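Visitor: The structure that follows is given in the form of structure tokens.
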Amino acid sequence: MTPVAPSPTAALAGSVLRPLWLDSPERPEPRPPVGPADDGLVVGLVVVGGGFTGLWTAVRAKERDPDSDVLLLEGDRIAEHATGRNGGFCEASLTHGEANGRERWPEEYDELDRLGLENLDEIESTLARYGIDCGFDRSGVLAVATRPHEVAGLEPEVAGFLDAEAVRRVVDSPTYLAGRVSRDECATLDPARLAWGLARVAERLGVRIAEATPVERVREHHDHVLVTTPHAEIRAGQVVLATNVFRPLLRRLRLSIVPVYDYVLATEPLTPEQIAALRWTDRVGVSDSGNQFHYYRLTPDDRILWGGYDAIYHYGRSVETSHEDRDRTYATLSEHFFETFPQLAGVRFTHRWAGVIDTCTRFCAFYGITRGRRIAYATGFTGLGVGASRFGANVMLDLLTGESTARTRTRMVREKPLPFPPEPLAWAGVQLTRWSLAREDATGRRNLWLRMLDRLGLGFDS
Ligand SMILES: Cc1cc2nc3c(=O)[nH]c(=O)nc-3n(C[C@H](O)[C@H](O)[C@H](O)COP(=O)(O)OP(=O)(O)OC[C@H]3O[C@@H](n4cnc5c(N)ncnc54)[C@H](O)[C@@H]3O)c2cc1C
């Protein structure tokens, strides 16, 4: 008897609202928090935030200066937020793609491209050096066009362009009209295993990590920074803020980013026959070309992770656990999944989850140093921080030591993005932009509003 294909909604019926990557027996027990006995502790460098940005900072700080003493404070659990919830595309790009980088920094784009590839190479060699097993696979990324007006963006005249027939030999979907693979510029990995591995390495190098320790305040005091936590005040020589989308500890950053919710599904593990039906023989990640794009990939245990499309902003820069369960978005994602891969009718989703992205108006991270060179920050990764967070960590350490490096000499590192407006303008602007982007996806035409934002160098992305 042929199994009855469940509807896109029915395919979600047995799924749990939990990030696939964190739903693992490998998840380490939380480290103890900072307690009253730590009050008055003096530390060289305090890193606030235990996602990729904070973890890379801690590891790089010890690699660059083995004598430094480093304390990492995570308010929740290591990798609990964007770091443990993402698609696991570890891209070389530091600029949220080539088009955005070339548009903003045309004269230095080649150097930014070189720095990005160097950063990805160094991530790969770090994993090998410390034996971090996170399923790192540098098969690259396949960009596909699913609407006629998207084909031109894949540059049919440039070598490497794949027409409909050729792209369907790489991954087979009846929706594909064209494609292009970038082999060396992207790896896929299991982000939680990477983060847990980095935490273990940091500790082996001598870093102390405390979880469940939210930093309430940082303020300059004589020749150090007072870092206030619920049970202890710590005296830090220097501080790195790696708090991503969460309420910035520096007032000046409050308008610079907006939180955007991104949603993801994961299927049950596929059989070799199901994967063969997709001709998905290597681990290339896939991304389609619309403004509202999907990203998808095979996981190390042969599931398909399927995310993107809706990017939801909640009024007042609201970040709440309740925003994570959005039936409408999960149903849309499921529907698009089965349109893309009708061969998989009958497959079920086991996990659905959301995470928050730190969107800024230039779509890629910005960096800074303040309070007499004692506090450095990096934020605004806009949905592409798995690889770029390590670059951001290095930039912050460069800034704290005052070193002039190839990184800090770039205009990209020296410049800051324009802030978003306060409410209600932020909400109205984001809604109008989302509506305009969806129309462009449908029609291929950029309306007046988007053209005006282009001229101002502003935008909204995920
Ligand atoms: C659904 C989703 C899919 C994505 N997919 C991709 C992808 O495929 N590829 C890619 O490159 N990027 C992707 N991203 C983006 C990427 O995950 C992030 O850019 C990256 O993980 C950011 O790391 P982070 O350390 O800066 O932030 P986070 O992981 O958010 O870590 C910040 C940490 O700081 C802690 N914190 C905040 N405030 C305080 C405080 N006051 N005191 C103590 N701790 C504090 C938080 O608890 C948190 O753990 C995605 C993001 C999401 C949400």
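What follows draws every value from the coordinates through simple rules; no lab data is involved. Keep in mind it's a predicted model, so treat the numbers as computed, not measured. As a convention, Cβ positions derive from the backbone with ideal geometry for all residues, glycine included, and neighbour counts pool all protein chains shown.
Visitor: Considering only C-alpha atoms, what is the centroid distance from the range 303-355 to the range 20-87, in Å?
Guide: The range 303-355 and the range 20-87 have Cα centres spaced 29 Å from each other.
Visitor: Specify whether the C-alpha gyration tensor of the range 415-457 places it in the rounded, prolate or oblate class, a ≥ b ≥ c being the square roots of the eigenvalues: rounded for a/c under 1.5, otherwise prolate if a/b is larger than b/c and oblate if not. Display every interim value, and only then the final one.
Guide: Working: a/c = 2.80, a/b = 1.47, b/c = 1.91.
Oblate, because a/c is 1.5 or more while a/b does not exceed b/c.
Visitor: Now, a different point. For the range 198-305, what class follows from the C-alpha gyration tensor (a ≥ b ≥ c being the square roots of its eigenvalues): rounded when a/c is under 1.5, otherwise prolate if a/b is larger than b/c, else oblate?
Guide: Numbers: a/c = 3.70, a/b = 2.12, b/c = 1.74.
Judged from the Cα gyration tensor, the range 198-305 comes out prolate (a/c at least 1.5, a/b above b/c).
Visitor: Counting every Cα pair in the range 297-432, what percent are over 24 Å apart?
Guide: Numbers: 4554 of 9180 pairs.
Cα-Cα pairs in the range 297-432 separated by more than 24 Å: 50 percent.
Visitor: Expected output is a single nm value to one decimal: the length gained when fully extending between Ser125 and His222, i.e. 0.36 nm times separation in residues minus the C-alpha distance. What is it?
Guide: Difference between extended and current length: 30.9 nm.
Visitor: To continue, here is another question. Give me the percent relative contact order of the range 136-231, please, defined on Cα pairs under 8 angstrom at least 6 residues apart. Don't jump to the answer; show the numbers that get you there.
Guide: Numbers: 119 pairs, mean separation 26.1, N = 96.
Rounded, it is 27 percent for the range 136-231.
Visitor: So for the pair Arg247, Arg373, with labels modelled 7 Å out along Cα→Cβ, what separation do we get in nm?
Guide: Calculated label separation equals 3.2 nm.
Visitor: Follow-up. Which whole-Hz couplings ³J(HN,Hα) result when phi for each residue of the range 160-172 is put into the Karplus expression 6.51 cos²θ - 1.76 cosθ + 1.60, θ = phi - 60°, listed in order with x for Gly and Pro?
Guide: Running phi through 6.51 cos²θ - 1.76 cosθ + 1.60 with θ = phi - 60° gives x, 5, 10, 7, 4, 5, 5, 5, 6, 7, 8, 9, 9 Hz.
Visitor: Would you mind computing, in nm to one decimal, how far apart the modelled labels at Leu41 and Ala277 are, each placed 7 Å from Cα along Cα→Cβ?
Guide: For Leu41 paired with Ala277, the spin-label model returns 5.4 nm.
Visitor: Dipole of the range 58-182, Cα-centred, from +1 at each Lys and Arg C-beta and -1 at each Asp and Glu C-beta, to the nearest 20 debye?
Guide: Working: 14 positive and 27 negative charges, 97 e Å.
The calculated dipole for the range 58-182 is roughly 460 debye.
Visitor: Lys/Arg Cβ at +1, Asp/Glu Cβ at -1, dipole of the chain taken about the Cα centre: which of Ala331, Thr299, Gly131 is farthest positive-ward?
Guide: The residue sitting most towards the positive pole is Ala331.
Visitor: Mind checking the range 7-70 for chymotrypsin sites (Phe, Trp or Tyr not before Pro) that DSSP puts in a loop (not H, G, I, E or B) and that have at most 13 other Cβ atoms within 10 Å?
Guide: Numbers: sites: Trp21, Phe52, Trp56; in loops: none.
Loop-located and lightly packed - none at all.
Visitor: If you wrap the chain's Cα atoms in a convex hull and average its projection over all directions, what's the area in nm²? Mind showing how you got there, number by number?
Guide: Values: hull surface 87.6 nm².
Reported value for the Cα convex hull: 21.9 nm².
Visitor: Sticking with this one: Subtracting the Cα-Cα distance from 0.36 nm times the residue separation, let me have the gained length for Glu108 to Arg204 in nm, one decimal. Before the final figure, lay out the partial values.
Guide: On the way: separation 96, 0.36 × 96 = 34.56 nm, distance 3.74 nm.
Contour length minus Cα-Cα distance gives 30.8 nm.
Visitor: A follow-up question, please. Please give the FRET efficiency for Ala212 paired with Asp163, using the beta carbon to beta carbon distance and R0 = 51 Å, rounded to the nearest 0.05. Don't skip to the answer; put the middle values down first.
Guide: Values: r = 53 Å, r/R0 = 1.05.
The value I calculate is 0.45.
Visitor: Continuing with this model, one more query. Let me check against my output: what whole-number percent is the relative contact order of the range 313-462, with C-alpha pairs under 8 Å and at least 6 apart?
Guide: Working: 148 pairs, mean separation 37.7, N = 150.
That works out to 25 percent.
Visitor: With +1 on the Cβ of every Lys and Arg and -1 on the Cβ of every Asp and Glu, and nothing else charged, how large is the dipole of the range 124-252 about its Cα centre, in debye rounded to the nearest 20?
Guide: Numbers: 17 positive and 18 negative charges, 116 e Å.
In total the dipole reaches around 560 debye.
Visitor: State to the nearest 20 debye the size of the charge dipole of the range 123-186 about its Cα centre, where the only charges are +1 on K and R beta carbons and -1 on D and E beta carbons. Intermediate results must be reported in sequence, preceding the final value.
Guide: On the way: 7 positive and 11 negative charges, 19 e Å.
My answer is approximately 100 debye.
Visitor: Using the Karplus equation 6.51 cos²θ - 1.76 cosθ + 1.60 (θ = phi - 60°), what ³J(HN,Hα) coupling, rounded to whole Hz, does each residue of the range 313-324 give in order, writing x for Gly and Pro?
Guide: Once rounded to whole Hz, the list reads 9, 9, 3, x, 6, 6, 10, 9, 4, 5, 6, 6.
Visitor: Something else now. Report the label-to-label distance for Asp325 and Arg183 in nanometres (one decimal), using points 7 Å from each Cα along the Cα→Cβ vector.
Guide: In this crude spin-label approximation the distance works out to 4.6 nm.
Visitor: Work out how much length Asp302 to Glu29 would gain on full extension: take 0.36 nm times their residue separation and subtract the Cα-Cα distance, in nm to one decimal.
Guide: Numbers: separation 273, 0.36 × 273 = 98.28 nm, distance 2.64 nm.
Net length gain for the segment: 95.6 nm.
Visitor: Over what distance in Å are the Cα centres of the range 259-289 and the range 359-417 separated?
Guide: Measuring centre to centre over Cα atoms gives 32 Å.
Visitor: Given a cut-off of under 8 Å on Cα pairs at least six residues apart, what relative contact order in percent is computed for the chain?
Guide: Value for the chain: 23 percent.
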